[in-house]
Every structure is written in C-alpha cells, then in structure tokens.
Amino acid sequence: MEPDLFKSAKNNGVVVDEFVLFFPNYLTFLEKPGFYIEDLFVRECYKRRGFGKMLLSAVAALAAKIGYERVEWVVLNWNVNAIRL
C-alpha cells in the first residue's frame, strides 16, 4: 500500500522516495532572509542511506548561492530520527 500513496498517475507510475518542502522567509529581528523547511520526508525503506542529509545540504547550498544566511528547521522532540539528522 505505501508505494501507492506517492505514485504519480502522470509519470508512468513513478514513486516519490523523498522530498523537502521549504520556502523563503524573513527573520525581522535579525533582519536576514532565509529558508524555512516545512517538511522533510524519506520513505521508511530509504531511511539511513543519506537522503535526508542530501536534501538538507541541497537547501543549504541553494540558500548560500542566493545569499541567504540561514536555514531553519524545527522538529518535534519525539522525532528521534530527525533530531539525529
């Protein structure tokens, strides 16, 4: 069932393995633009293979490329995997 949740009907059944959802924001008290990571997802069968780190690194690299000085990501205190990442 899990693959069906992330299957694209438009792309010949391609399945999404991981994604990161982020957007630009502005921290007024620091007067600095940055990115806020809203969500980072890696399917269970692909966890602990470096994909989460790759996604975070890609967001940080994009931020640096366009001159943003910060990337913010907040995780819940029970999400041990996210905290380790």
Explain nothing, just compute: Karplus ³J(HN,Hα) = 6.51 cos²θ - 1.76 cosθ + 1.60, θ = phi - 60°, for every residue of the range 17-25 in order, whole Hz, x for Gly and Pro.
9, 7, 7, 10, 10, 9, 8, x, 9
For Phe22, enumerate residues with amide H under 5 Å from its amide H, sequence gap 5+ or separate chain, H modeled in the peptide plane.
Glu38
Residues with amide H under 5 Å of Val71's amide H, sequence separation 5 or more or different chain, H placed in the peptide plane at 1.01 Å from N; which?
Phe35
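Can you list the chymotrypsin sites (Phe, Trp or Tyr not before Pro) in the range 49-85 that are in a DSSP coil and have 14 or fewer other beta carbons within 10 angstrom? Spell out each step's value before the answer.
Working: sites: Phe51, Tyr68, Trp73, Trp78; in loops: Tyr68, Trp78.
Qualifying residues, ordered by number: Trp78.
Readers should treat all values here as calculations from the given coordinates under stated rules, not as data from a laboratory. Small disclaimer: the values here were computed from a predicted structure and weren't measured. Using ideal geometry, Cβ is built from the backbone for each residue, glycine included, and neighbour counts are taken over all protein chains shown.
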